[in-house]
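Bear in mind that the values in this text are calculations on the coordinates, not laboratory data. Just so we're clear, the structure is a prediction, and the values are computed from it rather than from any experiment. Heads up, the Cβs are rebuilt from the backbone with ideal geometry, glycines too, and the neighbour counts pull from every protein chain shown.
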Amino acid sequence: MTLDDELDRIFTARDRNNMQPTIDAMLLLYASNPDNARVLYEVGGAYDTSGQEEVARGFYERALASGLEGDLLRRCYVQYGSTLRNVGEYKKSLDVFATARNTFPESPALGAFEAITLHAAGQPDAAVAELLDLLVDFVRTPDIDRYKPAISGNAAHIRSLERNGSDVSA
């Protein structure tokens with residue numbers, strides 16, 4: 001069984017309500033693969049799911065520095081940015097999402113989680129505008145297509161309502 005197969009097996013068997021067995025299994029793989037980007041990411045994810053964001057954060061940072069690529073990189077950005085939000089580091093979270101969205105412009109999940117961070121950071125107008133932009137960019141239905149200019153115009157208007165100079169703290 002390859003390392004990726006073993007990681008997939010552990011992930012599939014996880015119990016989100018009892019993550020300790022998953023963490024234990026991941027830590028065994030980590031002990032023998034301490035520099036493997038996917039192992040670092042998956043260990044971080046296990047800790048994140050268990051609510052241990054500060055521990056997860058370190059693993060995500062190491063995974064990003066170790067050269068994650070493709071879908072794993074995109075997923076790590078989502079989870080790392082969300083972890084930063086959960087620990088109150090809104091500015092850093094938004095920076096992560098900005099980098100991620102530049103790298104993966106076709107990912108609506110990144111935009112959705114960025115909007116959640118904007119809301120948590122006290123920028124509800126920017127959050128709603130972001131969600132409207134996602135609707136225009138990613139939902140393909142006749143009624144959305146018909147109203148795209150109006151939805152985009154409303155997004156721009158709502159975004160302009162955001163307090164001038166609002167600073168994202170933390």
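A search for C-beta distances below 8 Å between a residue of region 55-69 that is assigned to a helix (DSSP H, G or I) and any residue that is basic (Lys, Arg), counting only pairs 6+ apart in sequence or on different chains, returns Ala63/Arg38. Being in contact (Cβ under 8 Å) with a residue 12 or more places away in the chain and either among the hydroxyl-bearing types (Ser, Thr, Tyr) or over 29 Å from Gly58 (Cβ atoms) (or both) is the requirement here; does Thr117 meet it? For Thr117, the condition - in contact (Cβ under 8 Å) with a residue 12 or more places away in the chain and either among the hydroxyl-bearing types (Ser, Thr, Tyr) or over 29 Å from Gly58 (Cβ atoms) (or both) - is met. If you take the residues of region 112-126 that are surrounded by 20 or more Cβ atoms within 10 Å (Cβ to Cβ) and among the small types (Gly, Ala, Ser), which of them is nearest to Tyr77 (Cα to Cα)? Result: Ala115. Identify all residues within region 1-17 that are over 22 Å from the mean Cα position of the chain (by Cα) and not in a helix (DSSP H, G or I); write none if there are none. Of everything in region 1-17, those that are over 22 Å from the mean Cα position of the chain (by Cα) and not in a helix (DSSP H, G or I) turn out to be Met1, Thr2. The set of residues from region 6-54 being of a type in the set (Ser, Thr, Tyr) and either surrounded by 12 or more Cβ atoms within 10 Å (Cβ to Cβ) or within 15 Å of Leu72 (Cβ to Cβ) (or both) comprises Thr22, Tyr30, Tyr41, Tyr47, Thr49, Ser50. Highlighted here are the helices (runs of 4 or more DSSP H) found entirely within region 97-166 that include at least 1 residues which are farther than 26 Å from Asn86 by Cα and basic (Lys, Arg): 142-161. Scanning region 92-107 for residues that are of a type outside the set (A, V, I, L, M, F, W, C) and surrounded by 15 or more Cβ atoms within 10 Å (Cβ to Cβ) yields Lys92, Ser93, Arg101, Ser107.
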